[in-house]
Amino acid sequence: MDMEKNMMIAVKIKEVRAQVAAWKKEGLTVGLVPTMGYLHEGHTSLVDKAVSLCDRVVASVFVNPTQFGPGEDLETYPRDFEHDCALLAAHGCDLVFHPDVAEMYGEEAATYVEILSEMPKQLCGKTRPIHFRGVCTVVSKLFNIVQPDKAFFGQKDAQQLAVIKKMVQDLSYGIEIIGCPIVREQDGLAKSSRNTYLNPEERKAALVLSKAIFLGEKLVSEGEKDAGKILTAMRERILQEPLARIDYVSAVNGVTMMPVDKIEGEVLVALAVYIGKTRLIDNFIVKG
Ligand code: AMP
């Protein structure tokens, strides 16, 4: 285990277990922030929240192969572990867990955690059918390894947050799941490790996602209750951008992720749009 500005770096599961056990023996609470690295202010906002609510904070940096489908960007996913460590240390993270794939899955892993309802098949699940099975499996493993009191996830990945909450409920994990607001660039684009794929022209075009989100929010704030009208206006806004190709623009129940026609109760309005080859997501929540 290495020390970096008092932050420990562990690559082995047993190192994490030993450190967390020592903290628990002292009666300290532990927060977990799972990430795939190439960190930005979206991630560090989760670390800040964890530091504010827990005595000790563990962040994981692991590009999880089981949540990538064939033809997705597993091989090209951006990585910069040194920079990640500098950011995490600066934000008060105590331990970064950075396992390799062999440490996490071994040679013969054959067990998955999968939600069998419609929830993971909606929204991103339509184009990424194995994605949430991979997410649930890796997060479940991280929960078992770290055994945190609280775990922190971004609202940016709203369906992921809903899926994790469902998994925690169904599998009786005694872990509090804390959702944190979307952090955006100054011009509105939601921060994402994948924004690095965008060339300057695409970076400009990508603004259409947040523009559509803000338009949808405005219509809701003006009292529009018809989800279809809101989604149509958002789609029309996106189609004004020639580099954009819509995957989905949808309104769903904020807990179940099933489509809704009316803005009633907690509703998630979410979209996924390709800008060139890069698939980006964004959303807003209407609280009932
Ligand atoms: P990732 O590294 O993309 O798997 O993200 C790790 C965690 O950071 C997830 O819980 C994400 O939802 C969260 N996250 C990523 N981008 C943002 C953002 N712009 N604002 C808030 N949270 C984010």
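Criterion first (surrounded by fewer than 19 Cβ atoms within 10 Å (Cβ to Cβ) and without any contact (Cβ under 8 Å) to a residue 40 or more places away in the chain) does GLY223 satisfy it? Answer is yes for this residue. Looking at the structure I just gave you, is THR111 within 16 Å of the ligand (Cβ to nearest atom), part of a loop (DSSP other than H, G, I, E, B), assigned by TED's automatic domain parsing to the domain that holds PRO129 and over 17 Å from the mean Cα position of the chain (by Cα)? Taking the combined requirement at face value, the residue does not satisfy it. For VAL208, the criteria (1) more than 15 Å from the ligand (Cβ to nearest atom); (2) surrounded by fewer than 20 Cβ atoms within 10 Å (Cβ to Cβ) hold in every case but one, which is (2). In segment 124-150, what residues are outside any helix (DSSP H, G or I) and open to solvent by 10 Å² or more (accessible area, probe 1.4 Å)? Hits for segment 124-150 are ARG128, PRO129, ILE130, GLN147, ASP149, LYS150. If you filter segment 1-57 down to residues that are more than 23 Å from GLY179 (Cα to Cα) and either of a type in the set (Gly, Ala, Ser) or in contact with a Ser or Thr (Cβ under 8 Å, 6 or more places away or on another chain) (or both), you find that the one that is surrounded by the fewest Cβ atoms within 10 Å (Cβ to Cβ) is GLY27. Do we have any residue at all in segment 158-179 that's within 16 Å of ASN283 (Cα to Cα), part of a helix (DSSP H, G or I) and either open to solvent by 20 Å² or more (accessible area, probe 1.4 Å) or among the aromatic types (Phe, Trp, Tyr) (or both)? Among the residues of segment 158-179, at least one is within 16 Å of ASN283 (Cα to Cα), part of a helix (DSSP H, G or I) and either open to solvent by 20 Å² or more (accessible area, probe 1.4 Å) or among the aromatic types (Phe, Trp, Tyr) (or both), which makes the answer yes.
Applying the set (1) assigned to a helix (DSSP H, G or I); (2) over 17 Å from GLY154 (Cβ atoms) to GLY71 leaves exactly one unmet item: (1). With respect to PRO99, determine if the residue is within 12 Å of the ligand (Cβ to nearest atom) and open to solvent by less than 30 Å² (accessible area, probe 1.4 Å). So PRO99 does not fit the description; no. Among the residues making up segment 235-263, those that are farther than 20 Å from GLN159 by Cβ and part of a loop (DSSP other than H, G, I, E, B) are GLN240, GLU241, PRO242, LEU243. Residues in segment 226-265 that are exposed (fewer than 14 other Cβ atoms within 10 Å of the Cβ) and at positive phi: GLY265 only.
The values are calculated or read from the model by the stated rules, or taken from the named source; none is laboratory data. Just so you know, these numbers come straight off a predicted model, no measurement behind them. All Cβ positions, even for glycine, are placed from backbone atoms using ideal geometry, and neighbour counts span all protein chains on display. In case anyone asks, the SASA skips ligands and DNA or RNA and just uses the protein heavy atoms, side chains included. Shrake-Rupley method; radii C 1.70, N 1.55, O 1.52, S 1.80 Å.
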